[in-house]
Structures are given as structure tokens and as C-alpha cells.
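Where a number appears in this text, it was derived from the coordinates with a stated rule and is not lab data. These figures come from a predicted structure and were not determined experimentally. Methodologically, a virtual Cβ is constructed for each residue, glycine included, from the backbone with ideal geometry; neighbour enumeration extends over all protein chains shown.
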Amino acid sequence: MPRLASWFETDGFAPRSMDSMVKASLDRCSVAQNGSPERSPSGAPALRVERLVKRYGDFVAVDGISLAVERGDFFGFLGPNGAGKTTTINAVVGLATITSGKIEVFGHDNARQWREARRLIGLSPQEYNFDRYLSIRDVLIYQAGYYGLRGPAVRARADVLLDKFGLTSKANETFIRLSGGMKRRLTLARALIHEPPLLILDEPTAGVDVELRIELWALLRELNANGTTIILTTHYLEEAESLCKNIAIIEGGRLVAMDSTAKLLARRGSATLRVTVGNPLQAVSPALAARGARYDAPTRTLQFEGIAPSAIAPTLGELQSEGYTIEDVQFTRSSLQDVFLDLVRR
Ligand SMILES: Nc1ncnc2c1ncn2[C@@H]1O[C@H](COP(=O)(O)OP(=O)(O)OP(=O)(O)O)[C@@H](O)[C@H]1O
Ligand SMILES: [Mg+2]
């Protein structure tokens with residue numbers, strides 16, 4: 001597979017302030033549609049969801065979720081299968097009518113000002129919904145048309161995106177002739193065709209190989225560093241842990257946690273240091289006991305649970321000053337998966 005191009009290798013992706021991205025987005029929209037879009041209230045969050053409820057008949061899929069995603073955030077929207085993530089996203093982008101609640105995109109009410117709200121979002125949906133008979137270049141060009149964007153600039157941007165996502169050689173193929181990973185890349189390219197300041201990705205890396213996943217992470221990080229707000233839904237929790245600044249976890253249509261990734265990880269707080277010593281320990285000295293040491297004689301391993309990273313060096317220093325040789329050191333801390341399972345374990 002060709003290496004994915006950096007955003008900086010092609011035109012049109014220079015870093016911009018969020019206000020200028022939102023304004024440019026709406027200006028393109030108004031030029032194309034001869035309208036006069038309402039200006040985004042400066043400083044409004046990229047997304048605000050208030051007491052969102054979505055029922056399917058008697059079934060409550062989303063049960064009063066409220067959240068705010070600040071401009072420039074890389075926000076993880078996580079939860080087990082059936083938690084209501086895609087339903088919430090569909091409500092945000094206007095694909096599902098809501099039962100009650102309020103949704104604002106950069107301050108635009110997505111019911112009353114749906115045109116502005118929709119214009120500001122790029123969606124990479126969980127399920128493919130491509131026209132099977134269009135070439136993939138036309139998929140991108142038609143998508144731009146939904147926002148009233150057409151002409152040579154759109155065709156040029158489609159080609160830039162095909163290049164960026166390593167799809168140029170397939171530009172004239174139809175969607176069904178792409179591999180799974182190519183379909184994922186096309187989905188992302190389509191989400192970006194109108195340069196949205198808010199990108200919503202519903203499981204963008206499902207079924208993607210490790211190499212492409214790492215490349216997509218780099219592209220998403222770069223896009224976010226250049227000012228795009230990103231909301232990411234994924235079941236790969238290490239992916240969310242490494243990419244997201246803030247995370248909401250939902251279950252059964254309800255919010256169960258929303259915090260910075262660092263604070264969520266600190267909730268469990270169990271970091272463990274394991275040190276294997278070369279010469280057997282006769283007894284745990286008072287100094288080591290004070291650091292919480294437990295000794296396992298058969299493996300000659302000392303274990304320090306709940307240790308702060310700053311205490312690692314002094315602990316190893318203490319062992320050396322007591323005359324022990326250090327054969328192996330392991331430091332593990334809670335992962336987002338541990339925190340997630342604590343919160344949603346059923
Ligand atoms: N059109 C629909 N009609 C009836 N029920 C639906 C409909 N769409 C979704 N649901 C139900 O709403 C609940 C939430 O579904 P949703 O697709 O939002 O979950 P999700 O969090 O995206 O899960 P996954 O991780 O599996 O994608 C599920 O119980 C699902 O069966
Ligand atoms: Mg889903």
C-alpha cells in the first residue's frame with residue numbers, strides 16, 4: 001500500500017484557528033447556496049448535547065445524554081455494543097430525529113439551523129453507504145455537491161484526498177472493487193471533502209490492518225493539531241487511550257463517565273513495579289517495607305503496588321544500596337481497558 005501522504009505535503013491543509021475554519025466553512029456554504037448563514041457564536045463548543053433522548057417505539061436507545069466537546073478537542077465517545085453511540089452520532093448529524101433534547105454544533109442548533117450545523121461536520125459512518133455505481137472520485141465530487149460545492153476546486157480537492165489516502169490508482173474504480181482497508185480510507189476522504197472543522201468518526205479503524213491503523217492515527221493527530229475537532233468512536237481502547245484528550249463512556253444510553261483521559265486513567269491508580277533481584281532476599285528491610293514491598297521468594301521478585309512513577313528511581317536506589325543486583329524491572333499501570341471494564345462490567 002502506498003504511504004499515506006502528510007497533510008503538509010499537499011495544499012489546503014495549513015494550520016488555521018478554529019474560528020477561521022468555522023467561518024471559512026460557512027462562507028463556502030453561503031457562496032455555494034446564495035444564503036446568508038448565521039455566524040457561529042464565537043467560543044461556543046464544537047458540540048453541545050443537552051439531555052438527548054432517542055426512543056425507537058418503547059425502546060430507549062439514548063436516555064438523557066448531555067455532553068460538550070470543546071473546540072480543538074480529540075474526544076473519545078466509547079461504550080459497549082448497543083450503548084447508543086451510533087444513535088447519538090446519527091442524531092448529531094441529523095440522520096435520526098430526536099425524541100427530545102437539544103444539539104448545537106459550534107453554537108448552531110442542529111434542528112433550527114440544520115444547514116450550518118450539517119455543513120460544519122464531516123462524518124465517517126460505521127456502516128458503508130456508498131453508491132455502488134459511482135467511481136470513487138465521483139463519490140467525493142458528489143459528496144461535495146451535497147454542500148453546494150462544485151467546479152474545478154472540488155475536483156482538485158478530490159484528487160488531493162485520493163492521493164493523501166493512497167487511492168489515486170483506484171480513482172476510476174467503483175466502491176465494491178476496493179479492499180476493506182481502502183473502503184475505510186475512502187470513508188475518511190469523503191468525510192473531509194468539504195473541509196469540516198468537526199470530524200466525527202464512527203469506528204474508522206474497524207477491520208483495518210495494524211500498519212494502516214498507525215498511519216491513520218498519524219493523519220488524525222496531524223489533522224487535530226491543525227485545528228480540526230475530532231470525535232472518535234472505537235472499540236480499540238488502546239487507540240482511544242493514545243489519541244483522545246477527553247473521553248465519554250456511555251452504556252445503556254446513559255453517560256457513565258466523562259473526563260480527561262489522564263484523569264480517567266488515574267481513577268484506578270494502580271501502578272505496579274516488579275523488580276527481580278539477582279541475589280535472594282533474606283528478609284524485606286524496614287526501608288523496603290515502608291515502600292510497600294512484597295517479596296515472592298521462588299521468583300526472587302519484589303512487588304510494589306500503587307507506586308507513583310516518581311518513586312521508581314528511589315526504590316531501585318534503595319535496593320542497590322542494600323546490596324541487591326537488579327536483574328529485571330517491570331512497570332505496569334492501569335490501561336483504559338481496565339477503567340472501561342470497571343465502569344461497564346455487567
Ligand atoms: N433503527 C432502529 N430501530 C430500533 N432500534 C434501534 C435502531 N437503531 C439502533 N437501535 C437500537 O439502539 C441501541 C443502540 O444502538 P447503537 O447502534 O446506537 O449502538 P452503538 O453504541 O453504536 O453500538 P455498536 O458499538 O455495536 O456500534 C441498540 O439496542 C440498537 O438495537
Ligand atoms: Mg455503533
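Computed from Cα atoms, the angle from the helix 312-321 axis to the main principal axis of the chain rounds to 20 degrees. Amide H contacts of LEU52: GLY64, ILE65, SER66, LYS102, each under 5 Å away and 5 or more positions distant or on a separate chain (H built 1.01 Å from N in the peptide plane; Pro and chain starts excluded).
For GLY122, the residues 5 or more places off, or on other chains, whose built amide H falls under 5 Å of its own are LEU198, LEU199, ILE200. In straight-distance terms, cross-link reach from LYS170 covers every one of the aspartates and glutamates whose alpha-carbon lies under 16 Å from its own, apart from those fewer than eight places away in the same chain; here that gives ASP131, ASP138, ASP159.
Summary of packing: across the peptides 139-148, 334-343, the per-residue average of other C-beta atoms within 10 Å ranks them, highest first, as 139-148, 334-343. The C-alpha atoms of the chain define a longest principal axis, and helix 152-164 lies at about 20 degrees to it.
Straight-distance candidates among the lysines for linking to LYS85, with alpha-carbon spacing under 26 Å and chain neighbours fewer than 8 residues away dropped: LYS54, LYS102, LYS183, LYS245, LYS263. Annotation: the antiparallel percentage among DSSP beta bridges lying fully within the chain is about 70. Packing order of peptides 50-57, 243-250, highest average first: 243-250, 50-57 (average count of other Cβ atoms within 10 Å over each peptide's residues).
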